[in-house]
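Colleague: Here's a structure for you.
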Amino acid sequence: MARKRKEAAAEQCGFDFNKTEDRVQKTEDLSVAARGEPSTPARGEPSTPARGEPSTPARGEPVEPPKIFSVAELTKNIRSLLEGNFGEVWVCGEISNFKAHTNGHFYFSLKDEKAQLSAVMFRGANAKLAFRLQDGIEVICHGRISVYEARGQYQIILDYLEPKGIGALQLAFEQLKKKLGAEGLFDVARKRALPFLPKKIGVVTSPTGAAIRDILNILRRRYPDIEVLLIPVKVQGDGAAIEIAAALELMNEQTDVDVIIVGRGGGSIEDLWAFNEEVVARAIFKSQIPVVSAVGHEVDFTIADFVADVRAPTPSAAAELVVPRKQDLEMTIQTMRTRLIQAVSKDFPQRMMRLDTLRERLSYGWQVGFEKRDDYLKRLMSNLHHLSPLNILAKGYSVVQKVGSTKPIKKASVLKEGDSLQITFAEGLCRAKVQ
Amino acid sequence: MVQNRIFETAVQKLETLVRKLENGDLTLEESLKAFEEGISLTRACEKLLQEAKGKVEQLVKKEGGKWEKTSFEEAE
């Protein structure tokens, strides 16, 4: 469309140039021919007086004093001359000295190797630019030449401007991508994992588009009872980006939404443009809830995709990413339960058997031990019996002790005459005296 | 935000319990406790799965700038 406009404009320009002479001729009456000026413009008849001018000097007649312009008059004349001749022009050049004034107007120079031209693009016109102007960009622009009388400066007032050699939208995309990338909006480190099982899924898209249909289809197939909250928005055209950004903000005010899908179905780069706008990128970045972008088809990459926590190639794919299949979950739980029961019951017989074995061993052990002890006891008792002093006494031996002592007397030499003795027999005891 | 981790956490915990049980190096008392915990976790998970109510709603601006939730019907 821009191209057509340009061609049309070029034709018009050509037409203007053809008409230039007529115009100059007309304006001549007003001002142009300051008499005697050697470089009288465009006419080729420097000395020809303008027709009908009352003060025109005639040869041989007395010379009237030259007309003296005030600066304002002259400037005004120059202005109308320039405006008349360059009412609409296309010009290409490189931007330099770019300044965006606080009042919203842009001031800069267009230059090439040999010349430069002051340019101004007023707020109303520059608001339509998709990309950012900056020094060094080659541009093709359209506007009209005018004179800023207060400064005596001529300049071009631009109403349209496009980058040279690259589409305006493409340039805007590259510029925004670079800017937001530098600010860290695309950092992988800040990307959040999606919830494993969201309680409610927020969707920001058009209520009538293909995207919402696809998303709901897939969601229902995977998780039949999943809860969804849609915030319907315009996804293309004027104001779409702002609506999308506002919806993301609103989604963040909901208490039960734990993942957001933002996107739309396929379309041209112009159709998808809202998702390349800074306001949407910033809203995604600001979201406390993880965001899945789902714009267009597999091949469409938007700024929103770079900022989002996860980029889904399509709206359907987004739906698959945010929700697990309920069937799978049920299966998982079922498997766990089976394994749990198997693990425990596998151990039980083993434990029971071990217990049984132990019990057997215990009782066997006890029995064996008992018998052993019994034998030992019997032997011990028989030994005891053989060794018992009573057993010896029974054979006719007796034990002699001093009265009052418990020690038996083993030598006669320890005895003195008159010691009282106690003699113990196998049966009974008696007393005696040493003589 | 915290709630959506419940299922995930429960499943992870369950997995750990089952592994421990399967490895068989728990005492009888420990394994009974693990089993009990595991079963109650599977119940909790199943309950979570039943919880969703399947509503699809939309948030639309009403007159006076108030947002209102209404049921969303797809345009055919």
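Colleague: If you scan segment B:55-76, which residues turn out to be within 7 Å of chain A (Cβ to nearest Cβ) and touching a residue at least 12 places away in the same chain (Cβ under 8 Å)?
Modeller: If the condition is that a residue be within 7 Å of chain A (Cβ to nearest Cβ) and touching a residue at least 12 places away in the same chain (Cβ under 8 Å), then B:LYS55, B:VAL56, B:GLU57, B:GLN58, B:PHE72 are the ones that fit.
Colleague: Inspect all residues belonging to segment A:231-238 and state whether any of them is more than 10 Å from chain B (Cβ to nearest Cβ), in contact with a Pro (Cβ under 7 Å, 6 or more places away or on another chain), basic (Lys, Arg) and open to solvent by 40 Å² or more (accessible area, probe 1.4 Å).
Modeller: no
Colleague: If you go through segment A:126-145 one residue at a time, do you hit one that is of a type in the set (Gly, Ala, Ser), more than 18 Å from A:GLU94 (Cα to Cα) and not in a loop (DSSP other than H, G, I, E, B)?
Modeller: no
Colleague: Given the conditions (1) at pLDDT below 85; (2) within 23 Å of the chain's Cα centre (by Cα), and given that B:GLU37 satisfies all but one, which numbered condition is not satisfied?
Modeller: (1)
Colleague: Give me a count of the residues in segment A:108-117 that are surrounded by 15 or more Cβ atoms within 10 Å (Cβ to Cβ) and out of contact with any Ser or Thr (no Cβ under 6 Å at 6 or more places or on another chain).
Modeller: Number satisfying all stated conditions: 3.
Colleague: Can you pull out every residue in segment B:1-54 that is more than 8 Å from chain A (Cβ to nearest Cβ), under 27 Å from A:GLN254 (Cβ atoms) and of a type in the set (Lys, Arg)?
Modeller: Across segment B:1-54, the qualifying residue is only B:LYS47.
Colleague: Given the condition in the same structural domain as A:LYS111 (by TED's automatic domain parsing), in contact (Cβ under 8 Å) with a residue 60 or more places away in the chain and either not hydrophobic (A, V, I, L, M, F, W, C) or not in a loop (DSSP other than H, G, I, E, B) (or both), answer yes or no: does some residue in segment A:173-182 qualify?
Modeller: Residues of segment A:173-182 in the same structural domain as A:LYS111 (by TED's automatic domain parsing): none.
No, segment A:173-182 contains no residue that is in the same structural domain as A:LYS111 (by TED's automatic domain parsing), in contact (Cβ under 8 Å) with a residue 60 or more places away in the chain and either not hydrophobic (A, V, I, L, M, F, W, C) or not in a loop (DSSP other than H, G, I, E, B) (or both).
Colleague: If you don't mind, another one. Of the residues A:ILE392, A:ILE423, A:ILE409, A:ILE333, which is open to solvent by 60 Å² or more (accessible area, probe 1.4 Å) and outside the structural domain of A:ARG222 (by TED's automatic domain parsing)?
Modeller: From the options A:ILE392, A:ILE423, A:ILE409, A:ILE333, the qualifying one is A:ILE392.
Colleague: Out of A:LEU194, A:LEU180, A:LEU185, A:LEU250, which single residue is closer than 30 Å to B:GLU8 by Cβ and open to solvent by less than 10 Å² (accessible area, probe 1.4 Å)?
Modeller: Checking each option against the conditions leaves just A:LEU185.
Colleague: Residues B:LYS33, B:LYS20, B:LYS53, B:LYS13: which one is touching a strand residue (DSSP E or B) at 6+ places or on another chain (Cβ under 9 Å), of a type outside the set (S, T, N, Q) and open to solvent by 30 Å² or more (accessible area, probe 1.4 Å)? Explain how you work it out, then say what you get.
Modeller: On the way: B:LYS33 fails: touching a strand residue (DSSP E or B) at 6+ places or on another chain (Cβ under 9 Å); B:LYS20 fails: touching a strand residue (DSSP E or B) at 6+ places or on another chain (Cβ under 9 Å); B:LYS13 fails: touching a strand residue (DSSP E or B) at 6+ places or on another chain (Cβ under 9 Å).
Of B:LYS33, B:LYS20, B:LYS53, B:LYS13, the one residue that is touching a strand residue (DSSP E or B) at 6+ places or on another chain (Cβ under 9 Å), of a type outside the set (S, T, N, Q) and open to solvent by 30 Å² or more (accessible area, probe 1.4 Å) is B:LYS53.
Colleague: Between residues in segment A:62-79 that are of a type in the set (Phe, Trp, Tyr) and residues that are modelled with pLDDT under 90 and not in a loop (DSSP other than H, G, I, E, B), which pairs lie under 9 Å by C-beta distance while being six or more apart or on different chains?
Modeller: A:PHE69/A:SER31
The values are calculated or read from the model by the stated rules, or taken from the named source; none is laboratory data. This one's a predicted model, so the numbers in the text were calculated from it and none came from an experiment. As a convention, Cβ positions derive from the backbone with ideal geometry for all residues, glycine included, and neighbour counts pool all protein chains shown. When the accessible area is computed, the model is the full protein with side chains, heavy atoms only, and any ligands, DNA or RNA have been set aside. Shrake-Rupley method; radii C 1.70, N 1.55, O 1.52, S 1.80 Å.
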